[in-house]
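The values are calculated or read from the model by the stated rules, or taken from the named source; none is laboratory data. Keep in mind the model is a prediction, meaning the values are calculated, not measured. Virtual Cβ from ideal backbone geometry, glycine too; neighbours counted across all protein chains shown.
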Amino acid sequence: MTDIMYCMKDSVIFGSIKAILIPAIAIVSFAHFMVEMFGQIIPNIIWSFFKEAGFVIVLVATLIFALMWFWHSVPHGRPKNYTIIMYDVFGQESPIDGLRTEFEVHDVAWSFMKQYKKSNALYNFALVSDHPKSDKKTILRYI
């Protein structure tokens with residue numbers, strides 16, 4: 001058995017295989033390490049970061065949207081008084097005697113305007129306010 005091993009050591013074939021086999025094993029193991037690192041380890045780290053970052057981005061966007069919505073929905077300058085303006089069938093302003101037209105509360109003005117529309121069907125009514133931040137009158141409701 002020793003003679004066979006000795007013959008194999010001195011053989012040209014096994015000597016050249018060693019020279020090729022050792023660098024080949026090193027290259028394959030390094031390639032496997034790189035495939036594992038770039039194929040699984042780094043993407044898993046980056047993916048978990050972007051999952052968390054994505055959650056944070058969605059959460060921040062939702063909070064910004066909610067704050068803007070609440071800011072927009074809160075009245076910032078409520079009108080102090082409301083006026084009802086009557087329009088005839090031709091679209092011209094035409095006051096009707098005996099009707100109350102000045103109000104301080106929106107709901108009361110709207111209620112009166114609906115009652116006026118029932119009793120005067122040929123007229124149209126506009127609920128108008130003087131908004132503090134506007135030079136013009138603002139029509140809030142029109143029936």
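Answer with yes or no whether Met113 is modelled with pLDDT under 90 and part of a helix (DSSP H, G or I).
On the way: modelled with pLDDT under 90: no; part of a helix (DSSP H, G or I): yes.
Taking the combined requirement at face value, the residue does not satisfy it.
Hey, can you tell me all the residues within the range 124-143 that are touching a helix residue (DSSP H, G or I) at 6+ places or on another chain (Cβ under 9 Å) and aromatic (Phe, Trp, Tyr)?
Keep residues of the range 124-143 that are touching a helix residue (DSSP H, G or I) at 6+ places or on another chain (Cβ under 9 Å), which gives 124-127, 129, 140-141, 143.
Passing the criteria: only Phe125.
Could you list, ordered by first residue, the pairs with Cβ atoms under 7 Å in which the first is in the range 54-79 and within 21 Å of Leu140 (Cβ to Cβ) and the second is surrounded by 10 or more Cβ atoms within 10 Å (Cβ to Cβ) and of a type outside the set (Val, Ile, Thr), at least 6 apart or interchain?
Hits for this filter: Gly77/His131; Gly77/Pro132; Pro79/Ser129; Pro79/Asp130; Pro79/His131.
If I filter the range 91-115 down to residues being β-branched (Val, Ile, Thr) and closer than 12 Å to Phe125 by Cα, which single residue comes out as surrounded by the most Cβ atoms within 10 Å (Cβ to Cβ)?
Going residue by residue through the range 91-115, those that are β-branched (Val, Ile, Thr) are 96, 101, 105, 108.
Going one step further and asking which of them are closer than 12 Å to Phe125 by Cα, we end up with 96, 101.
Working: Ile96: 14, Thr101: 17.
Checking each candidate, the answer is Thr101.
Being out of contact with any strand residue (DSSP E or B) (no Cβ under 6 Å at 6 or more places or on another chain), exposed (fewer than 10 other Cβ atoms within 10 Å of the Cβ) and at pLDDT 90 or above is the requirement here; does Lys118 meet it?
Numbers: out of contact with any strand residue (DSSP E or B) (no Cβ under 6 Å at 6 or more places or on another chain): yes; exposed (fewer than 10 other Cβ atoms within 10 Å of the Cβ): yes; at pLDDT 90 or above: yes.
Yes, satisfied.
Which condition number in (1) basic (Lys, Arg); (2) under 41 Å from the mean Cα position of the chain (by Cα); (3) over 20 Å from Pro132 (Cβ atoms) is the one that Arg78 fails?
The number of the failed condition is (3).
Quick grid of which residues meet (1) modelled with pLDDT of 90 or more; (2) closer than 30 Å to Asn120 by Cβ; (3) touching a Ser or Thr at 6+ places or on another chain (Cβ under 8 Å):
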position	(1), (2), (3)
Trp47	no, no, no
Met68	yes, no, no
Gly77	no, no, no
Lys80	no, yes, no
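From the residues in the range 116-143 that are part of a loop (DSSP other than H, G, I, E, B) and over 15 Å from Pro79 (Cα atoms), which one is nearest to the chain's Cα centre (by Cα)? Lay out the reasoning, then the answer.
Residues of the range 116-143 part of a loop (DSSP other than H, G, I, E, B): 120-123, 131-136, 143.
In the following step, the residues that additionally are over 15 Å from Pro79 (Cα atoms) were identified as 120-123, 143.
On the way: Asn120: 47, Ala121: 45, Leu122: 46, Tyr123: 44, Ile143: 36 Å.
Ranking the qualifying residues of the range 116-143, first place goes to Ile143.
Say whether the condition of being out of contact with any Ser or Thr (no Cβ under 8 Å at 6 or more places or on another chain) and among the aliphatic types (A, V, I, L, M) is met by at least one residue in the range 96-103. Even if it seems obvious, please write down each step before you answer.
Residues of the range 96-103 that are out of contact with any Ser or Thr (no Cβ under 8 Å at 6 or more places or on another chain), as a first pass: 96-100.
Narrowing the set further to residues that are among the aliphatic types (A, V, I, L, M) leaves 96, 99.
Within the range 96-103, one or more residues are out of contact with any Ser or Thr (no Cβ under 8 Å at 6 or more places or on another chain) and among the aliphatic types (A, V, I, L, M).
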